[in-house]
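Everything below concerns the one structure shown next.
The values are calculated or read from the model by the stated rules, or taken from the named source; none is laboratory data. No experiment lies behind these values; they were computed from the predicted model shown. Here Cβ is always computed from backbone atoms with ideal geometry, including for glycine, and neighbour counts include all displayed protein chains. These area figures cover heavy atoms from the full protein model, side chains too; ligands, DNA and RNA do not enter into them. Shrake-Rupley method; radii C 1.70, N 1.55, O 1.52, S 1.80 Å.
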Amino acid sequence: MAKEEIKVDLLKGGEFLIKESDPQIVFIPEDLSEDQRMMADSAREFVEKEIWPKLNAIDKQEPNLTVSLLEKAGELGFLSTAIPEEYGGLGEDFNTNTAIAFEMGASHSFGVSFAAHTGIGTLPILLYGTDEQKKKYLPKLGSGQLKSAYCLTEPTSGSDALSAKTTAKLTEDGKYYILNGQKMWITNGGFADILITFAKVDGDKFTCFIIDANSEGFNRGQEENKMGIKGSSTTALFLDSVKVPVENILGEIGKGHYIAFNILNIGRYKLCAMTTGSAKKVASASITYANERQQFGQPISNFGAIKHKLAEQAIKIFVSESATYRVSDLINGKIKELQAKGSRYEEAALVAAEEYAIECAMLKVFGSEVLDYVVDEAVQIHGGYGYSEEYPAARAYRDSRINRIFEGTNEINRLLTVDMLMKRSMKGRIDLIGPAMAVQKELMSIPEFGSSADGLLAAEYKAIQNAKKAVLVIAGAAVQKLMQKLKDEQEIIMNVTDMMIELFTSESAYLRTIKLSGFKNTQELQPYIDMTQVYIINSMEKINIYGKHAITSFAEGDELKMLLMGLKRFTKYEPINTTKLRRAIADKLIEANKYCF
Amino acid sequence: MKIAVCVSHVPDTAAKINIGSDSKNIDQNGVTFVVNPYDEYAIEEALKTKEKFGGETVAISLGGDANKETLRKALAMGIDNAVLLKDSGFRDSLSVAKALAEEIKTQGAELVFFGKQSVDYDSSIVGQLTAELLGYNCISVVISFSLDGNKITCEREIEGGKEIVETALPALITAQKGLNEPRYASLKGIMAAKKKEIIEKQPVAAQNYIEIISMKKTESKQAGKIVGTDSSAVPELVRLLREEAKVI
């Protein structure tokens, strides 16, 4: 484990909007310890040697293949990294699990089976189970002897999960619940031995159960014929008077939604780590191809149009990775802080994941969209070969798309981001009103025309601080004007979330580069500076556009004028030659022949 | 039985190598280092032999602190002990062999595994030199190894085929690709390795007989030229071979 010291003054969830972060306490991937890197390397080796040579067979769902690979992963310890030692696991911290998730992310369909088993399939028992339940299931889930699935979605309840229709009725002797209903799109549904299943007791008490797949009345549907991740098992599941012992209730009756939603926070965060890891591998394939493919007598990586794509992919991956580790360590730090105060690991993990639910939702959106960008450009860079199944780009393209849909669609996550922020503000967990008022006041004053600041990325620092003001002023005005009606103005909410995502990711890249400047020499540091600059200048333009869309949809007259003026002021950024910077970044990638940051 | 395996820490074969400013070393900037790939087969064979016959395994590496990473990997794969012969200066093959032989003697290992070559300097000779210094039997470029009592039977790769040879302990084997499928470091192995100590020692001093004067990169090949597709191109081809390539 990396660091055992307790970090003080952790940023609370959502506070990035109103506070600065100290680059020195922000965790960056370069901070991973030698052991953490060895574990990640071992995961990468596993993916390269065990999964990649079998991708076609996995996608054809060769009988028992995924199951045996999960068991092999279990033998090597990959299924039990998050499980405490007392339950037979390795008890690794959150950052180690992040590093492993990055590597497993590049394993296509297997990664989905892996994530479903270790995440939503195991964590509910780990975090909500009784000691008996944990002793019974965790060692076997960690070794791979048991495979798990998480069954929330139903044919008529997807994003609106609480409208589930599956029922649970207590038997007269009080020993069992009888479950009836149908579950849909269940990952690992074809082979799972246990099912973390949600059903309503007495018609309204949303409750979580552990179902044994050998139970009478439990039936699996056919494998879905999917667009991508074809190798992962996805089926419907049918519960026809399935008898579940009362001791298999997970958590409390009527409190299943806590499990459903809190587990998703961690899942969302993990999804970003996995998609970013996958994006690295895909981007590397594109770089290698661009170096090999000759047209007009030279490698296509010589051409500006291709360099632009290579650089743009790397920038997005770099930023996504920076943001992911930043959040990983916030959650990690919070867990350790709570444990130091006497909390059990399970309680601490839940509180920490809830604390950073806003960041988790933003990361889910960002990571899945970064991967979608990278796979799209992979097909494009590969040209005709990108459309052929002989090259890795086509599979990457098909497999990426689901990430914007599962673990809460990106639309739901965008809505949740603002919704959670507003609720926290109302409950007094975070003071947005004070800073928002201060910004409004600043808007009325004369802008400062001070000389430009000096120092590494000083202009970018200023831009980030200003962007925070832009978000506050627009979100604040929208809330004031629309009050309760804001929740019906989804377009405005999406705009505000997109501004927040640009801001959070920009700041994460900035913080990483500043921290890196402490131990990289000028030459090594340069590409990081370049990537940070290009990203932030783009983000400022995007924040400006999203801001305009938001403002014009609710403000009029003088208010409209004032807000537009404020937005302009707070997203001002001196244009720079980004073409030159992108070319320099691309040249580094071309030389390394892979993603190298 | 004590089994030793000698491992080196080398630039990743996928890494792009540049010559350093002194032109006597490579520029290590941005280059990742890994366990020498052939040494992974050596480690695996040492582990398999121990699993079959019992005993104790030790990994030995000569180099700077960075070599600890490679030793840690060997420990994570299951090797029992690790020794770093700490010396980051340049040593030629014989000087390396002398240091390794001395340590193998100290360890009392009767069976020693090497990779057939280390993919940095590629001299492909350190194993054989070490065997000679120890007075051990040596079989190189081995693709199959079996031990029965004191008797060792190996298959080794030769031009266009393979030969089967026998020898007896004490022996030194150099591993070729195909000998086995090296295992992964399991996460439990990595955690166990964390608790093991890497013993640092001062290697014996030895004279270098070879000095690196300078390193140069091979010049990249020019693209080929197609002069024509039928017999009418022959005169032009002859002219080019004579005047440009100057080979006829």
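Against the main long axis of the alpha-carbon atoms of chain A, helix A:34-46 sits at an angle near 70°. Over the Cα atoms of the protein assembly as shown, the radius of gyration divided by the Kirkwood radius equals 1.01; this is the Rg/Rh ratio. Taking amide H atoms as placed 1.01 Å from N in the peptide plane, the amide H of A:M184 lies under 5 Å from those of A:T153, A:E154, A:L237, each 5 or more residues away in sequence or on another chain. Calculated accessible area for the protein assembly as shown comes out at 45 Å² per residue, all protein chains present (probe 1.4 Å; ligands, DNA, RNA ignored). For the stretch A:432-496, the Kirkwood estimate of the hydrodynamic radius, built from every pair of different alpha carbons, is 13.6 Å. The magnitude of the dipole of the protein assembly as shown, with charges of +1 and -1 set on the Cβ of Lys/Arg and Asp/Glu and taken from the Cα centre, is near 1160 debye.
Each Cα pair of the stretch A:150-254 feeds into the Kirkwood radius, which the Stokes-Einstein equation turns, at 10 °C and 1.306 mPa s, into a diffusion coefficient of 115 µm²/s. Loop sites by DSSP among the trypsin sites (Lys or Arg not before Pro) of chain A, restricted to those with at most 12 other Cβ atoms within 10 angstrom, leave A:428-597 as the longest stretch without any of them.
In a DSSP loop and with at most 15 other Cβ atoms within 10 Å, the chymotrypsin sites (Phe, Trp or Tyr not before Pro) in the stretch A:514-556 are A:F519.
Of the chymotrypsin sites (Phe, Trp or Tyr not before Pro) found in the stretch A:413-506, those in coil by DSSP whose Cβ has at most 16 other Cβ atoms within 10 Å are A:F449. Just so you know, the Rg over Rh for the stretch B:156-220 is 1.09, from Cα atoms, with Rh as the Kirkwood radius. Both numbers refer to the Cα atoms of the stretch A:279-374; Rg and Dmax are 19.6, 67 Å.
Measuring between alpha carbons in the structure, the pairs from A:K423/A:K542; B:K86/B:K116; A:K147/B:K52; A:K72/A:K588; A:K169/A:K270; B:K68/B:K105 lying more than 30 angstrom apart are A:K147/B:K52; A:K72/A:K588; A:K169/A:K270.
When only Cα pairs below 8 angstrom with a gap of at least 6 residues are kept, chain B shows a relative contact order of 24 percent. Looking at the protein assembly as shown alone, DSSP beta bridges between its own residues are antiparallel in about 60 percent of cases.
The loop-placed GluC sites (Glu not before Pro) in the stretch A:381-487, going by DSSP, that have at most 10 neighbouring Cβ atoms within 10 Å of their Cβ come out as A:E390, A:E448. Computed across the stretch A:437-543, the Kirkwood radius stands at 15.6 Å (inverse of mean 1/r, all Cα pairs).
Distance from the Cα centre of the stretch A:25-39 to that of the stretch A:522-591, in angstrom? If you average the Cα positions of each part, the centres end up 30 Å apart.
With q set to 0.11, 0.13, 0.25 Å⁻¹, the log10 of I(q)/I(0) for the stretch A:494-597, from the Debye formula over equal scatterers at the Cα positions, is -0.45, -0.59, -1.30. According to the Cα-based calculation, Rg over Rh for the stretch B:2-201 is 0.95, with Rh computed by the Kirkwood formula. Enter the Cα centre distance for the pair the stretch A:89-125 and the stretch A:209-245, rounded to the nearest angstrom. Cα centres, the stretch A:89-125 to the stretch A:209-245: 21 Å. Relative to the dominant Cα principal axis of chain A, helix A:433-444 is inclined by about 20°. Principal-axis analysis of the Cα atoms of chain B puts helix B:37-53 at an angle of about 30° to the longest axis.
Report B:C6's accessible area, 1.4 Å probe, all protein chains in place, as a number in Å² to the nearest 10. Roughly 10 Å² of B:C6 is accessible to a 1.4 Å probe. Rounded to the nearest 5, the antiparallel percentage of DSSP beta bridges internal to chain B is 40%.
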